[in-house]
Amino acid sequence: MARSIKKGPYVEDKLLRRVERMNQTGERRQIRTSSRRSMILPEFVGHTFLVHNGKAFIAVFVTENMVGHRLGEFSPTRAFRRHGAATDKTVSLK
Amino acid sequence: MPRVLGIEIPGKKRLEYALRYIYGIGPARGRAIVAKAGIDPATKADDLTGEQITQLAAILQQDYRIEGDLRREVSQNIRRLMSVASYRGMRHRRGLPVRGQRTKTNARTRKGPRRTVGAVRGKAARAAAKTGA
């Protein structure tokens, strides 16, 4: 079920404050965050966020098209590393 | 068979069902359109007067995005997801399910026919597979 419109989009308070402060001062710096659940607002456009994926911080440059998505959608949490080779260990199990 | 909007040729069925042959019209919209046009839903599509057909065409064009336009909108939305490199876009690109379904088994609709992926054996074979891919 979608989120109630009454509540408005969810953004971590701390993150929103930082973006607003940077917009006022015109400062452009990467913002490191773990708040993958925060919705990308129009104010975020042009900023670069370092979004944690559980292991590392992935740089996400926000464009207009990304508004309405959440930061985590752009910081993949899984890496596919092709199907495994038969190592000594797996062979000896048979 | 009558034609609505040039291309759609719904069959010998009650109008509310015949309209569903149009891409973008389902049960709910079929009913809504018939009600709006003030036509008895039990009328067979064949029995429509020319006047009624033009009326339906007008409603369809004004209030609904159907057929080509709708298909274009859908593929544009998918293209947008892919271009911003979102998780959903990546899933579309790889042809895997987009909405969090399991892929250990099933997901054949998205993945297509089964393709067995073998293990890459030995150092030489692994190097070959790397350069090949």
Filter the stretch B:6-19 for residues that are within 20 Å of B:GLU73 (Cβ to Cβ) and either among the polar types (S, T, N, Q) or crowded, with 16+ Cβ neighbours inside 10 Å (or both) and give the result. B:GLU8, B:LEU19
When both residues are 6+ apart or on different chains and their Cβ atoms are under 9 Å apart, which pairs have a first residue that lies in the stretch A:1-25 and is closer than 15 Å to A:ARG70 by Cβ, and a second that is surrounded by fewer than 11 Cβ atoms within 10 Å (Cβ to Cβ)? A:PRO9/A:ARG3; A:PRO9/A:GLY68; A:TYR10/A:ARG3
Taking the condition of a type in the set (A, V, I, L, M, F, W, C) and part of a loop (DSSP other than H, G, I, E, B), does B:ILE53 pass? no
So which pairs qualify, if the first residue must be in the stretch B:90-109 and under 15 Å from B:ARG79 (Cα atoms), the second must be in a loop (DSSP other than H, G, I, E, B) and open to solvent by 70 Å² or more (accessible area, probe 1.4 Å), the Cβ gap must be under 9 Å, and the two must be at least 6 apart or on different chains? B:MET90/A:PRO76; B:ARG91/B:ARG99; B:ARG94/A:PHE80
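Please enumerate the residues belonging to the stretch B:20-40 that are open to solvent by 50 Å² or more (accessible area, probe 1.4 Å) and of a type outside the set (Ser, Thr, Tyr). Give the derivation first.
Our first condition is that a residue be open to solvent by 50 Å² or more (accessible area, probe 1.4 Å); within the stretch B:20-40, this holds for B:20-21, B:23, B:27-29, B:31, B:35-36, B:38, B:40.
Result: B:ARG20, B:PRO27, B:ALA28, B:ARG29, B:ARG31, B:ALA35, B:LYS36, B:GLY38, B:ASP40.
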For the stretch B:23-57, which positions are in contact with a strand residue (DSSP E or B) (Cβ under 7 Å, 6 or more places away or on another chain) and closer than 25 Å to B:GLU73 by Cβ? B:LEU56, B:ALA57
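So that you can scan it fast, the table gives a plain yes or no per residue for (1) modelled with pLDDT under 90; (2) open to solvent by 70 Å² or more (accessible area, probe 1.4 Å); (3) in a strand (DSSP E or B):
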| residue | (1), (2), (3) |
| --- | --- |
| A:VAL11 | no, no, no |
| A:ARG17 | no, yes, no |
| A:GLU20 | no, yes, no |
| A:GLU27 | yes, yes, no |
| A:ARG37 | no, yes, no |
Of B:ARG88, B:ARG94, B:ARG71, the only residue that is over 26 Å from A:GLY46 (Cα atoms) and within 14 Å of another protein chain (Cβ to nearest Cβ) is B:ARG94
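The values are calculated or read from the model by the stated rules, or taken from the named source; none is laboratory data. Keep in mind that what you see is a predicted model, and the values were worked out from it rather than measured. Glycine also receives a Cβ, built like all others from the backbone with ideal geometry; neighbour counts cover every protein chain displayed. In case anyone asks, the SASA skips ligands and DNA or RNA and just uses the protein heavy atoms, side chains included. Shrake-Rupley method; radii C 1.70, N 1.55, O 1.52, S 1.80 Å.
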